[in-house]
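Asks: Following this message is one structure expressed as structure tokens.
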Amino acid sequence: MNDLDDELVSNPQTTPSFGEIVDRRRRSLLAGAMAGIVSGIVPFGAFAAPAARRAGVVAMDFSAVAASSADEVRLPPGYVAQPLFAWGDPVGDGPAFKHDATNTAAEQALQAGMHHDGLHFFPLDGSSSHGLLCINHEYTDDGLLHAGGMSPWTAEKVAKAKAAHGVSIIEVRRTGDEWRIVRPSRFARRITADTPIAIAGPAAGSAGLRTVDDPLGRLVLGTLNNCAMGVNPWGTYLTCEENFNGYFKAGVLPTADEKRYGITARTAGYRWHEHDQRFDAERRPNEPNRFGWVVEIDPMRPDSFPVKRTALGRFKHEGAFVTLARDRRIVVYMGDDERFEYIYKFVSSRPYSKGETTGGLLDDGTLYVARFAESGGGRWLPLRHGLPGLTAANGFADQADVLIRTRQAADVVRATRMDRPEWIAVHPRTGEVYCALTNNAKRGSSEVPGLNAANRRPENLFGHIVRWREAGGNAAAESFSWEVFIECGDPSLANENLRGNIKGDLFASPDGLWFDRGGRLWIQTDVSTSVLGDRNHANFGNNQMLVADPDSGQVRRFLTGPRGCEVTGITATPDGKTLFVNIQHPGESPSERANPDQPTAISSWPGGQFPALGTGRPRSATIAIRHIGGGTIGEAG
Ligand code: FEO
Ligand code: CA
Ligand code: CA
């Protein structure tokens, strides 16, 4: 998460929020003399446990790692981390990284970008020792990216920052226990904030996407703030544009639509607009409409254009988590990661047929937004032009307009405002859907009308994980039942609101969620460096990765990261014996940008832990995790 956006609230509407609903549910059930069975936030009675969930506890046969503030990656005994792909490493046979940050923009465009986030392993020929990794590069710390940081700020530095965004595709191969990047590789590729990308789906070619550079509204340069991801059954990768607003500068009086997406005169912290007019929304008012989408990439076809799939809506996309409905329609779960924003899902019109090779299924379907009812039920509300409130008379010209202004459409149908939806994961056996709500310190603040101190977590400092079951176990259903799975916190804190109900190892600010094939729920944390280690967070240590048993709710810590990092992005080889994980922004300073004169003031990772890599400055990196006995990750101990 880029904390440049951490203070942002763009949704001032007054529909009941999730916090209010949780609290009302709790109160009504307490009033019903059920207090004796209420052990957590929300009673689970309305949430029938499926048979598969009663099957028992999943294996977690590793020793828990203690919370840590050390500047290194720590794992359970028997596990080894290998740094594989750090910021600046060439994707193919490109130029080597220079530790003094003097690589040029042109060189950066052939190297790993900064701030690794979501990733996925695509096996070649089904192999667990040879495949492609697609890796998102979410954003840049311009204090580390350039020699001298942002002073002076030049066109070359903007070009380098743009080249450090986007996605890397690398070919990797394992020999014995060691993974290596294959160089050269015909698959090796960088997609940056300048790469041509096609626009498809209902908004393609519409008036709101046309610009002077692209009068047809069908081709955009670049993808940016690529956060989490998704994978389609036909073998392509989805990369998701999250905090795109931070790249665009609006005028002194931003439009209502700009404000709804957090685009203002003061939010363009990356300062690209100073050297590239595309990012000056006063001059190019439609350019911001061309970001905030889900982008499909075919890693197996290095010459193919990425495609922005507009049917999936425009918002601060955390990820796009794909599953199949009973009738094999494609279902994509998506969170909009900002305080008081919504959870969405897309359902394709047509079922997926085996052998299908294109993303056309993602261009035709229905986008829904979630309303969590007080009863423990919920509805998926279609965002379809022509439905009440989503008409021309109400300011929505057509479906393209509904999609470009997805947030405004979701406001109209009175969706439920959430505490920052991050990753979403679908249990491989039960079909239950889990969503990390990372935190919301402004829940209950007077800044947002309609909230009050009676909400369950008026200051949700530590976040929680909610889960739901679709009606009939069908991912395409229009209704669901829900409960809170875990409320994060620290039972030693005096404030009851901050204690949570974690069973096992403590964590805060859940972000990455992922199920392995054994049904273990992996949780990655992103406590902001602005509060990491403060009074309330003292017992959590550095950001980390844990494993939860969805049946028992027990949580065990598997990994602790280096100082100032967040742990994000997780994928496994098909045999479950290698886990690839990203360590993002080690050494991030509470003031957001590193001091270019003291780049290692907070962290020297990975060089500090792996001296062969050198120690000029901290670098985000992909690590490969193996068990020394060659066992399945999480089961071998
Ligand atoms: Fe990019 Fe919401 O994390
Ligand atoms: Ca986050
Ligand atoms: Ca995230």
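The values are calculated or read from the model by the stated rules, or taken from the named source; none is laboratory data. Everything numeric in this text was worked out from a predicted model, so none of it was measured. With ideal geometry, Cβ positions are generated from the backbone for all residues, glycine too; neighbour counts draw on all protein chains shown. Side chains included, ligands, DNA and RNA excluded: accessible areas come from the protein's heavy atoms. Shrake-Rupley method; radii C 1.70, N 1.55, O 1.52, S 1.80 Å.
Asks: Between ALA106 and SER530, with labels modelled 7 Å along Cα→Cβ, what's the label distance in nm to one decimal, could you check?
Replies: Spacing of the two 7 Å Cα→Cβ label points: 4.0 nm.
Asks: If you roll a 1.4 Å probe over the heavy atoms of the protein chains, what accessible area per residue do you get for region 534-637, in Å²?
Replies: Accessible area per residue: 29 Å².
Asks: Still on this structure: Tell me the net charge near GLN399. Cut-off is 15 Å between Cβ atoms, GLN399 excluded, with +1 for each Lys or Arg and -1 for each Asp or Glu. Working shown, then result.
Replies: On the way: positive: ARG309, ARG314, ARG384, ARG405; negative: ASP363, ASP364, ASP398, ASP401.
Result for the neighbourhood of GLN399: 0.
Asks: Quick one: grab the alpha carbon gyration tensor of region 195-253, order the square roots of its eigenvalues as a ≥ b ≥ c, and give me rounded if a/c is under 1.5, else prolate or oblate depending on whether a/b is larger than b/c. Before the final figure, lay out the partial values.
Replies: Numbers: a/c = 2.42, a/b = 1.31, b/c = 1.85.
Judged from the Cα gyration tensor, region 195-253 comes out oblate (a/c at least 1.5, b/c at or above a/b).
Asks: When all C-alpha to C-alpha distances in region 277-421 are sorted into bins of 10 Å, what percent of pairs does each bin hold, rounded to whole numbers?
Replies: 11, 37, 36, 14, 2, 0
Asks: What spacing in nm lies between the two simple spin-label points modelled at SER63 and LYS259, each 7 Å away from Cα in the Cβ direction?
Replies: Inter-label distance under the simple model: 5.8 nm.
Asks: With runs of 4+ DSSP H residues as the only contributors, calculate the mean residue ellipticity of the chain at 222 nm using -39,500 (n - 2.57) per run, divided by the residue total and rounded to the nearest 500.
Replies: Working: 7 runs with 47 residues, N = 637.
Calculated at 222 nm, the ellipticity per residue is -2000 deg cm²/dmol.
Asks: Can you tell me the order of 599-605, 549-555, 278-284 when each peptide is scored by its average per-residue count of other Cβ atoms within 10 angstrom, highest first? Before the final figure, lay out the partial values.
Replies: On the way: 599-605: 22.4, 549-555: 17.6, 278-284: 19.4.
My ranking of the peptides, most packed first, is 599-605, 278-284, 549-555.
Asks: Once you compute Rg and the Kirkwood Rh from C-alpha atoms, what is the Rg to Rh ratio for region 164-280? Intermediate values should be presented prior to the final figure.
Replies: Numbers: Rg = 17.8 Å, Rh = 16.8 Å.
Using only Cα positions, Rg/Rh for region 164-280 is 1.06.
Asks: Determine the shape class of region 568-637: with a ≥ b ≥ c the square roots of the Cα gyration tensor eigenvalues, call it rounded for a/c under 1.5, and otherwise prolate if a/b is greater than b/c, oblate otherwise.
Replies: Cα axes put region 568-637 in the prolate bin.
Asks: What value does region 423-580 have for Rg/Rh, both radii from Cα atoms and Rh as Kirkwood defines it? Before the final figure, lay out the partial values.
Replies: Working: Rg = 16.2 Å, Rh = 16.5 Å.
Answer for region 423-580: 0.98.
Asks: While we're looking at this one, here's another question. Beta carbons within 10 angstrom, averaged per residue: use that to sort the peptides 464-473, 94-103, highest first. Show your work: numbers first, answer last.
Replies: Values: 464-473: 20.8, 94-103: 16.2.
Descending packing order for the listed peptides: 464-473, 94-103.
Asks: Another one. Per residue and in cubic angstrom, what volume does the convex hull of the Cα atoms of region 100-221 have? Present the calculation step by step, with values, prior to reporting the outcome.
Replies: Details: hull volume 18.6 nm³, N = 122.
In region 100-221, the Cα convex hull volume per residue is 152 Å³.
Asks: Related question: Using +1 at the C-beta of Lys and Arg and -1 at the C-beta of Asp and Glu, which of ILE502, THR239, LEU579 has the Cα lying farthest in the positive direction of the dipole of the chain?
Replies: Toward the positive end, the furthest listed residue is ILE502.
Asks: How big is the convex hull of the Cα atoms of region 473-561, per residue, in Å³?
Replies: Values: hull volume 11.5 nm³, N = 89.
Hull volume normalised by residue count: 130 Å³.
Asks: Got a sec? What order do SER528, SER353 fall in by accessible area at 1.4 Å, biggest, i.e. largest, first?
Replies: Details: SER528 15, SER353 60 Å².
The most accessible residue leads, giving SER353, SER528.
Asks: At a 1.4 Å probe, what is the % contribution of carbon and sulfur to the accessible area of the chain? Walk me through the numbers before you get to the answer.
Replies: Numbers: 10860 of 21150 Å².
Carbon-and-sulfur percentage of accessible area, whole number: 51.
Asks: Which of the trypsin sites (Lys or Arg not before Pro) found in region 305-358 are loop residues per DSSP with 10 or fewer other Cβ atoms within 10 Å of their Cβ?
Replies: On the way: sites: LYS308, ARG309, ARG314, LYS316, ARG326, ARG328, ARG329, ARG339, LYS345, LYS354; in loops: ARG314, LYS316, ARG326, ARG328, LYS354.
Answer in residue order: LYS354.
Asks: Also, I was wondering about something else. Around PHE122, what is the net charge, scoring Lys/Arg as +1 and Asp/Glu as -1 over all other residues with Cβ under 15 Å from its Cβ? Could the numbers behind the result be given before it?
Replies: On the way: positive: ARG173, ARG174, ARG186, ARG189, ARG301; negative: ASP125, GLU171, GLU296, ASP298, ASP575.
Residues near PHE122 contribute 0 overall.
Asks: A follow-up question, please. Starting at 0 and stepping by 20 Å, how many percent of the alpha carbon pairs of the chain end up in each bin?
Replies: Result returned by the calculation: 21, 58, 21, 0.
Asks: Just to compare against my own numbers: the Cα pair-distance distribution for region 218-358, 10 Å bins, whole % per bin, please.
Replies: 12, 38, 31, 14, 4, 0
Asks: Order the peptides 491-503, 243-255 from the highest to the lowest mean number of other Cβ atoms within 10 Å of their residues. Please report the intermediate quantities before stating the final value.
Replies: Values: 491-503: 14.7, 243-255: 20.5.
Listed from highest to lowest mean packing, they are 243-255, 491-503.
Asks: Add +1 for every Lys or Arg and -1 for every Asp or Glu among the other residues with Cβ under 13 Å from the Cβ of MET300, and state the total. Walk me through the numbers before you get to the answer.
Replies: Details: positive: ARG186, ARG189, ARG301; negative: ASP125, GLU171, GLU296, ASP298, ASP303.
Taking every Cβ under 13 Å from that of MET300, the sum is -2.
Asks: Along the charge dipole of region 306-420, which of ALA400, THR366, THR416 sits closest to the positive end, that is, farthest toward it, with unit charges on the beta carbon of Lys, Arg, Asp and Glu (+1, +1, -1, -1)?
Replies: The listed residue farthest towards the positive side: THR366.
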